[in-house]
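The values are calculated or read from the model by the stated rules, or taken from the named source; none is laboratory data. Note that this is a predicted model, so its numbers are computed, not measured. Don't worry about glycine lacking a Cβ; one is built from the backbone with ideal geometry, like all the others, and counts go over all protein chains shown.
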Amino acid sequence: MKRNKRALITGITGQDGSYLAPFLLKKGYDVYGLVRRSSSDPFYRIEQLRLPKKIKILYGDLRDTASIDRAIAESQPDEIYNLAALADVGISFLVPEETIEINYYGVGRLTNRAMTANPKVRIYQASTSDMFGNAKPPYNEKTRYNTTSPYGESKLKAHQDFVEEYRRRYNLFICSGIMFNHESPVRHKNCVTRKITHSLAKIKLGKQEYFELGNIDTKRDWGYAGDYVEAMWKMLQQKKPDDYVIATGKSHSVRDFLNAAAKAIDIDIIWSGKGLKEIGKNKKTGKTIVKINKKFFRPTEINHSRGDGSKARRKLGWEPKTSFNELAEMMAKSDLKLVRRETS
Ligand code: NAP
């Protein structure tokens with residue numbers, strides 16, 4: 001009897017993993033997830049898949065070769081989605097060695113062990129628009145790399161050495177999604193979009209007075225994670241492995257996101273002042289709810305990031321379905337519900 005296709009997802013407990021796992025289950029895959037040990041509960045995003053045993057959890061860490069070998073031997077994957085990473089740009093400045101250990105050497109361990117076990121395995125590597133740094137937007141697959149952070153640097157090295165080079169040298173079927181920012185209601189709370197929606201929800205419910213941000217005029221190309229995981233899968237179904245920019249093609253500032261998220265839960269923000277003195281007030285209450293703090297500015301900032309996803313559109317037939325305003329509204333309303341539940 002023909003067995004189901006098998007997928008091994010590293011980083012299954014993260015934002016993208018929690019969208020990719022149900023997506024692949026729906027496609028009929030047997031889904032395995034590599035999870036590292038944690039002293040707190042790492043499963044809250046995928047509880048509804050883990051408890052009824054829809055997915056199989058394998059303990060392991062990209063820093064530990066034996067655990068990678070065990071996960072590969074147990075799952076016998078046809079496809080590997082390598083989503084595991086230290087994925088926080090700000091934190092990567094504080095722990096650059098750990099960043100390179102996971103995001104570069106970890107990718108090397110995984111690709112080498114996977115290729116040894118099965119030279120025909122198909123691998124998706126989560127690359128990032130941060131590899132372009134401050135290039136002139138829009139960025140496509142031919143834009144020169146110019147990273148500005150340890151995170152971008154670690155991802156770029158992995159992209160060059162284990163994606164581009166292993167494809168050329170070993171004919172390995174490895175693809176990368178050069179993904180621009182993608183968000184969702186389960187984004188980490190220290191990512192700016194989620195920090196905004198979670199803080200706004202607490203302010204709306206009287207649980208917080210204000211919150212602080214860094215550069216609110218920096219612009220990003222923001223999409224919805226639920227849309228982006230489909231592109232990952234599509235890449236691995238092509239005849240040939242390749243790299244694809246995955247983006248919406250539209251950019252908005254942090255301020256735009258804040259205004260859109262606030263509006264979605266009936267908060268109007270009035271801005272006044274300049275630079276570090278700028279504040280955002282709640283029009284209805286007259287209270288200051290947003291302040292600027294130098295602490296949240298990055299040592300090196302990407303000012304404007306916008307992708308050109310025309311190759312993915314042409315070759316994969318992939319397009320984002322969720323608009324910027326829909327995304328902001330989805331996140332703001334979800335956090336309002338969450339905070340209401342948590343505090344009732
Ligand atoms: P995320 O929510 O931070 O998830 C990262 C996952 O990696 C978590 O499950 C984490 O486990 C796991 N992990 C970290 N270190 C590990 C290690 N040493 N061994 C095994 N697992 C480890 O990130 P995401 O937003 O889902 O992003 C998924 C991937 O896409 C990442 O590689 C990221 O760099 C890349 N990417 C994301 C975006 C975006 O906008 N979201 C854009 C471009 C590229 P714990 O739960 O234990 O921490």
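Brief remarks on what is shown
- Among residues of the stretch 118-130 being within 16 Å of the ligand (Cβ to nearest atom) and touching a strand residue (DSSP E or B) at 6+ places or on another chain (Cβ under 7 Å), the one that is farthest from Thr300 (Cα to Cα) is Ile123.
- Test for Asn171: is it more than 18 Å from Tyr81 (Cβ to Cβ), at pLDDT 95 or above, touching a strand residue (DSSP E or B) at 6+ places or on another chain (Cβ under 9 Å) and more than 10 Å from the ligand (Cβ to nearest atom): no
- Boolean, Asn171 is in contact with a Gly (Cβ under 7 Å, 6 or more places away or on another chain) and surrounded by fewer than 17 Cβ atoms within 10 Å (Cβ to Cβ): no
- Selection status of Asn190, outside any loop (DSSP other than H, G, I, E, B), under 16 Å from the mean Cα position of the chain (by Cα) and either in contact (Cβ under 8 Å) with a residue 60 or more places away in the chain or buried (at least 24 other Cβ atoms within 10 Å of the Cβ) (or both): no
- Scope the stretch 18-42; condition near the ligand (Cβ under 10 Å from one of its atoms), over 16 Å from Tyr228 (Cα atoms) and surrounded by 15 or more Cβ atoms within 10 Å (Cβ to Cβ); matching residues: Gly33, Leu34, Val35, Arg36, Pro42
Here's the yes/no breakdown for (1) among the polar types (S, T, N, Q); (2) out of contact with any Lys or Arg (no Cβ under 9 Å at 6 or more places or on another chain); (3) outside any helix (DSSP H, G or I); (4) over 23 Å from Trp318 (Cβ atoms):
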position: Gly133; (1), (2), (3), (4): no, yes, yes, yes
position: Lys155; (1), (2), (3), (4): no, yes, no, no
position: Asp161; (1), (2), (3), (4): no, yes, no, yes
position: Glu164; (1), (2), (3), (4): no, yes, no, no
position: Arg168; (1), (2), (3), (4): no, yes, no, yes
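- With respect to the conditions (1) closer than 19 Å to Ala84 by Cα; (2) more than 14 Å from the ligand (Cβ to nearest atom); (3) in contact with a Cys (Cβ under 9 Å, 6 or more places away or on another chain), Pro241 falls short on a single one, namely (1).
- Residue in the stretch 139-147 that is buried (at least 23 other Cβ atoms within 10 Å of the Cβ) and within 15 Å of the ligand (Cβ to nearest atom) present: yes
- Annotation note: of Glu47, Glu79, Glu101, the sole residue that is of a type outside the set (Gly, Ala, Ser) and within 11 Å of the ligand (Cβ to nearest atom) is Glu101.
- The combined condition, being modelled with pLDDT under 95, in a loop (DSSP other than H, G, I, E, B) and basic (Lys, Arg), is fulfilled by Arg37.
- Residue that is surrounded by the fewest Cβ atoms within 10 Å (Cβ to Cβ), among those in the stretch 195-242 that are assigned to a strand (DSSP E or B) and touching a helix residue (DSSP H, G or I) at 6+ places or on another chain (Cβ under 7 Å): Glu212
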